[in-house]
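The values are calculated or read from the model by the stated rules, or taken from the named source; none is laboratory data. The model shown is predicted, which means the values in this text are computed figures rather than measured ones. FYI the Cβ positions are ideal-geometry reconstructions off the backbone, even for glycines, and counts take in every protein chain you see.
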Amino acid sequence: MKSDKQKAVTLIELLAVIAVIGILTAILLPAVSKVRSKAHTAQSAANLRSLMTAANLFSSENNGYLPNTFNEEGRDWARQLLPYLDMPANSFNQLQGKRPPGVFACPASDYTLPTNGSWPSDYGKNAVFAWRSGNPAYPPMPQSRILEPAKILFFADSLAGARDVSPFPEGHNMGFRHNDRAQVVYLDGHIGSFAPDEVPGASSWRTAPWYPEY
């Protein structure tokens with residue numbers, strides 16, 4: 001039978017172990033959170049590249065034109081890209097209360113669609129470039145006319161329910177969810193990012209990164 005002294009030592013040892021576990025948890029949790037954040041950022045970048053690749057495939061079948069925000073049939077850019085992402089045409093059906101499907105879901109976002117007809121993506125398209133065919137304010141153009149595609153963003157992290165990002169109004173609809181930065185993909189496929197105070201505003205809407213020189 002153990003003495004009271006032996007029991008007391010055992011209790012002290014147990015408390016020491018608990019204290020060590022608490023210290024290790026305090027040390028490891030921020031590291032785990034940082035690793036998770038980096039993984040989310042990397043996956044979101046891969047999603048944006050996939051969307052840009054799909055847009056380029058669309059362009060190759062449409063005389064060099066990238067998808068407009070809406071086409072002449074009223075289909076938004078996400079639905080125009082579904083065939084080029086090997087996703088079925090009904091991918092956005094019955095999504096109320098659910099996350100966006102496939103590459104349209106940013107892992108750092110918790111956005112769920114409030115209704116079946118809500119915007120089904122965590123990403124938005126550059127609203128200034130390739131808006132509507134025939135709109136004189138935002139004339140579409142084939143990629144062959146764009147002098148510096150590496151300067152023009154096309155897709156970006158967006159706020160919940162926002163299909164476009166733009167310099168109008170100030171605020172841009174960008175979603176700053178990667179260490180307070182919004183990731184974007186440029187026409188040449190490379191990834192960049194902006195902090196809220198780095199996004200070019202309304203005075204730059206006819207220049208890079210919103211609208212290309214040609």
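Here are some notes:
- Where residue 28 falls short, out of the listed (1) modelled with pLDDT of 90 or more; (2) surrounded by fewer than 19 Cβ atoms within 10 Å (Cβ to Cβ): (1)
- Taking the numbered list (1) under 17 Å from the mean Cα position of the chain (by Cα); (2) at pLDDT 95 or above in turn, residue 69 passes all entries but (2).
- Looking only at the range 161-214, residues that are over 14 Å from the mean Cα position of the chain (by Cα), closer than 30 Å to residue 115 by Cα and aromatic (Phe, Trp, Tyr) come to 1 in all.
- Residue match in the range 140-158 (condition: assigned to a loop (DSSP other than H, G, I, E, B), touching a Gly at 6+ places or on another chain (Cβ under 8 Å), modelled with pLDDT under 90 and exposed (fewer than 13 other Cβ atoms within 10 Å of the Cβ)): no
- Close contacts from the range 83-96, counting a first residue that is surrounded by fewer than 16 Cβ atoms within 10 Å (Cβ to Cβ) and a second that is β-branched (Val, Ile, Thr), with Cβ to Cβ under 6 Å and a gap of 6+ residues or different chains, come to 96/115.
- Meets criteria (of a type in the set (S, T, N, Q), surrounded by 16 or more Cβ atoms within 10 Å (Cβ to Cβ) and either closer than 21 Å to residue 60 by Cα or at pLDDT 95 or above (or both)) for residue 121: yes
- Residue within the range 123-135 that is under 28 Å from residue 201 (Cβ atoms), in contact (Cβ under 8 Å) with a residue 60 or more places away in the chain and not in a loop (DSSP other than H, G, I, E, B) present: yes
- The range 159-202, residues that are at pLDDT below 90 and aromatic (Phe, Trp, Tyr): 168
- Test: residue in the range 55-74 that is in a helix (DSSP H, G or I) and under 24 Å from residue 116 (Cβ atoms): no
- Within the range 84-119, tally of residues that are not in a loop (DSSP other than H, G, I, E, B) and not small (Gly, Ala, Ser): 4
- Residue match in the range 31-46 (condition: over 29 Å from residue 108 (Cβ atoms) and either at pLDDT 75 or above or not hydroxyl-bearing (Ser, Thr, Tyr) (or both)): no
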